[in-house]
Amino acid sequence: MSTTNVDFTRPEYKAAAPQWELVRAVCRGGEDIKNYLPELEEQDSERKKKRNKDYQDRAVFYPITGNTRNGMIGMAFKKDPLVAVVEKLSCLKDDADGAGSSIYQLAQSSLESVLEVGRHGLYVDYNSDSKLPYIFQYRAEDIINWRTARINGRTMLTLVVLRETIEEEDGFGFKDAIQYRVLAIEEGKFICRVYRKPSGSSVFEISSEYIPARAGNGVWNEIPFTFIGAQNNDHTIDEAPLLGLAKINLGHYRNSADYEDSVFFCGQIQPYLGGLGTEWRDYLEKKGVMVGSRSPIMLPKEGFFGYAQAQPNMLAKEAMDSKRDYMVALGAQLVSADSKVKTVIQSVGEQNAQTSILSICCSNVSDACSKSLIWCAEYLGLDTAGISFEINKDLVNHIADSSMIREIVAAWQSGATRKSDLVRSLQKYDVINPADDVDMVVDELNNQEPTMVGET
């Protein structure tokens with residue numbers, strides 16, 4: 001395999017990268033957001049710079065996209081994800097990547113990236129020093145190349161190229177260097193290579209190469225890497241869920257720049273003088289004009305003085321208000337399937353069948369994390385049965401009053417529901433801890449000692 005073009009990027013990657021940068025910039029809302037404002041045309045270059053700077057500084061950016069993203073993440077993680085792992089992998093709950101990030105934090109950052117750009121990646125590797133597997137995450141911008149093939153009726157990854165930034169010592173400081181981690185299937189075996197530029201060279205060369213192996217099962221016949229998408233977890237690039245909202249947010253920001261610029265100039269009252277001869281004109285130009293209640297202006301008989309003030313451009317303000325209302329509606333659509341008024345029965349039936357973008361993203365992140373934990377277990381030769389990771393997808397706040405609880409209990413007492421259904425219903429309303437195992441709770445209820453009434 002040639003090493004000269006290890007930094008090759010796929011065409012679809014190049015097409016999507018500008019959109020990714022736009023959404024991330026809007027979500028950050030930092031100084032670089034000013035780069036998306038248009039430049040004003042002025043003749044003088046120095047005046048142009050000052051005019052553009054004032055135009056940009058007066059604009060007010062409303063972080064609606066970033067707040068929507070944060071709110072969606074908060075909804076998904078209002079309850080801790082449910083993690084089921086064997087005892088030897090329990091350390092991943094506190095340190096999943098070898099750098100101190102827990103599996104919960106890894107899931108949060110994965111969901112954040114998926115919501116922003118609709119793409120993320122998880123790679124499982126084994127550390128020979130700690131004798132533990134770790135899960136590493138990669139942003140969409142760092143997954144530059146990939147290849148798939150049909151093997152035994154399955155579409156499998158045969159190549160993944162990951163861009164990594166490493167720090168190299170530079171005295172007391174450091175400088176960033178780029179390396180590429182190539183995950184490939186060759187002759188049915190998974191092999192990992194790291195490419196770096198040797199000192200003084202402009203060509204990437206193989207710095208290290210190794211063939212990972214599983215305890216008891218030998219080398220891998222698949223790449224322990226999974227994509228996470230906004231629609232599914234295959235290799236194709238999904239549309240960024242927040243792209244539409246980010247574009248409207250950016251349009252709102254541009255309208256704000258125009259409106260604030262108009263308000264500034266229109267807010268400056270312009271005094272004017274009229275009816276003056278050349279003698280008076282020359283005199284006032286020489287002496288100047290003092291404006292104020294304590295500075296009367298002496299004018300000839302035909303002279304007059306006044307103030308002129310233009311009205312601000314309200315079209316920009318109306319455009320801002322229209323975009324604001326649409327952003328609010330679009331943000332709600334990302335969370336809920338629709339906004340139709342439903343009956344109580346319809347709501348209860350549909351709350352667990354949300355088809356919103358957020359719930360789909362949560363499911364995709366959960367599946368990717370579950371698969372990664374299974375790969376971690378395979379590295380150690382452990383049983384993978386029962387290993388799972390699930391983010392809360394019940395995005396609706398369930399509030400149960402005493403009458404509703406009585407109805408749920410009465411339905412069980414009448415035989416309409418099973419005791420396990422009773423427990424699940426009470427878990428939904430946080431009457432019973434949602435993390436508790438249903439069968440264990442049922443067993444405790446069946447074997448609890450009777451309560452004697454009236455004893456002293």
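Every number in this text was worked out from the coordinates using simple rules, so none of it is lab data. In this text the structure is predicted, and so the values were computed from the model without any measurement. We place every Cβ from the backbone using ideal geometry, glycine too, and count neighbours over all the protein chains shown.
A few notes on this one:
- For residue 96, residues with placed amide H under 5 Å, excluding near neighbours: 101, 102, 103
- Cα-based shape type of segment 1-105, given that a ≥ b ≥ c are square roots of the gyration tensor eigenvalues and the cut on a/c is 1.5: oblate
- Neighbour counts of other Cβ atoms within 10 Å put 129, 421, 439 in the fewest-to-most order 129, 439, 421.
- Distance between the pseudo-spin-label points of residue 80 and residue 32 (7 Å out from Cα toward the beta carbon): 3.5 nm.
- Over all other residues within a Cβ to Cβ distance under 12 Å of residue 145, the charged ones net out to +2, with Lys and Arg as +1 and Asp and Glu as -1.
- Among the listed pairs 48/286; 48/175; 79/371; 34/197; 49/175; 14/189, those beyond 27 Å (Cα-Cα): 48/286; 48/175; 34/197; 49/175; 14/189
- The residues packed around residue 134, meaning those with a beta-carbon under 9 Å from its beta-carbon, carry a net charge of -3 if Lys and Arg are +1 and Asp and Glu are -1.
- Shown here is the pair-distance distribution of segment 221-303: with all Cα-Cα distances grouped in 5 Å bins from zero up to the longest one, the shares run 3, 10, 10, 9, 7, 7, 6, 6, 6, 5, 5, 4, 3, 4, 5, 5, 2, 2, 1, 0 percent.
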